[in-house]
1. Take the alpha carbon gyration tensor of the stretch 124-178, find the square roots of its eigenvalues, order them as a ≥ b ≥ c, and report rounded if a/c is under 1.5; if not, report prolate when a/b exceeds b/c, else oblate.
2. Could you put 163, 60 in order, starting from the residue whose Cβ has the fewest other Cβ atoms within 10 Å?
3. Can you give the calculated 222 nm mean residue ellipticity of the chain, where each DSSP H run of n ≥ 4 adds -39,500 (n - 2.57) and the sum is split over every residue, rounded to the nearest 500 deg cm²/dmol?
4. Rounded, prolate or oblate: which one fits the chain, using the alpha carbon gyration tensor with axes a ≥ b ≥ c (rounded when a/c is under 1.5, else prolate when a/b beats b/c, else oblate)?
5. For labels at residue 44 and residue 139 in the simple 7 Å Cα→Cβ model, what's the distance in nm?
6. Express the relative contact order of the chain as a whole percentage, based on alpha carbon pairs under 8 Å and six or more residues apart in sequence.
């Protein structure tokens, strides 16, 4: 059975000290929740944050990883480095990585395989920009991202991946896909997985919504049968707001 998951993507925010305090605040509030909660911190924070989270429902994640195992890649962070901090998850293919740093589906496929080989759980992001949505190409775009980024995996490895659908046009803009729009494309994604790996695999895959999810709209979004949680940006930087989303389940 698939899990309900709420992952906080802190992006390039907080100092190490601020991040530790934020993690402590979330850790104190998640006791007893049945939802899997993941804090995806800057790489500089991982080791220190890992020391202050101790609830079974709370996991630690990175926001990116290198597409190489090791070597002369100045500034990069490998999957083994991430794993050594105590992290268990890694965000891959976030729209900002695709847009600002030119990450292609091929690069993300390589990163995914490295993450899985190290025992990390990829939170793999897919989604369309405004122009693609307005042109009616949003279904085509997410299917291509799945085909080229993930569908080379074995069924067993695919079963270890969490998906996050990002309507890129709704990130940081204040716009939000309606619950109906979110459900529609999440179902398209799940049906596409079923066509590749079979319905049981599709049923077991957690698909998160990642576009301006807030405490005020989380319950309505999460009520959809194919929305299994959220990848949260801005609201993840405030423990009260973040837990408001977690508790929407």
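1. Since a/c reaches 1.5 but b/c is at least a/b, the shape of the stretch 124-178 is classed as oblate.
2. Neighbour counts put them in this order, fewest first: 60, 163.
3. Roughly -12000 deg cm²/dmol at 222 nm, from the helical runs in the chain.
4. rounded
5. Spacing of the two 7 Å Cα→Cβ label points: 4.5 nm.
6. Reported relative contact order: 21 percent.
Bear in mind these aren't lab numbers, they're just calculated from the coordinates by the rules spelled out. These numbers were taken from a predicted model, which means no experiment stands behind them. Positions of Cβ are generated from backbone atoms using ideal geometry, with glycine treated the same way; all protein chains shown enter the neighbour counts.
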